[in-house]
Amino acid sequence: MTDRPAMPAAEAGIGDLRFPIDVRIPSDVRYIERIVGLVVQRCTEHDLSARACRFNVPVALAEALSNAILRGNGEDYSKGVRVRATIDERSLVLEVEDEGAGFDLEACTIDPALGDNRVREDGRGLFLMRSLMDRVERLPSGANVVRLTLHRA
């Protein structure tokens, strides 16, 4: 197992990002809160609804990032996760890209309220993302990218 790298004390420029956001982070769950906070701050500054800023965006983005780090990259600290975010007068678009092999979005999305799924400890992330965002899709590119779209109310 690879040793986890030390988190930099201060990441130059991370607080100065504006939309669009395009940042690469290591496969380390300690970065999730910082990236979610940055995106939520920018959403608030761009007048996305309070509910979206306090609930939809942080939960869906945290799930997408954790899936990319834990499942896509297998917590391999030598791999990275790219996060892109844009917002305009119609919608917020978040893209999370990992270096994993990819997955079938439909096959991996389970309803946690059905049958044996109620006792599973995994598989709820995509369901949550789809419940909180207007659209969740895996881009048909060579990269492993999940795109989350939330329309303005």
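The values are calculated or read from the model by the stated rules, or taken from the named source; none is laboratory data. Note that the structure is predicted; figures quoted are calculated from it, not measured. Don't worry about glycine lacking a Cβ; one is built from the backbone with ideal geometry, like all the others, and counts go over all protein chains shown. Areas reflect the complete protein model, heavy atoms only, side chains present, ligands, DNA and RNA absent. Shrake-Rupley method; radii C 1.70, N 1.55, O 1.52, S 1.80 Å.
Residues in the range 123-153 that are out of contact with any helix residue (DSSP H, G or I) (no Cβ under 9 Å at 6 or more places or on another chain) and part of a strand (DSSP E or B): Arg135, Val145, Arg147, Thr149, His151. Filtered by the rule that a residue be modelled with pLDDT of 90 or more and either open to solvent by less than 40 Å² (accessible area, probe 1.4 Å) or in contact with a Gly (Cβ under 6 Å, 6 or more places away or on another chain) (or both), the range 6-25 gives Ile21, Val23, Arg24, Ile25. Note on the range 26-40: residues that are among the hydrophobic types (A, V, I, L, M, F, W, C) and under 14 Å from Gly72 (Cβ atoms) total 2. Counting only helices (runs of 4 or more DSSP H) that sit completely within the range 30-122, those holding 2 or more residues that are at pLDDT 95 or above and open to solvent by less than 70 Å² (accessible area, probe 1.4 Å) correspond to 32-45, 57-66.
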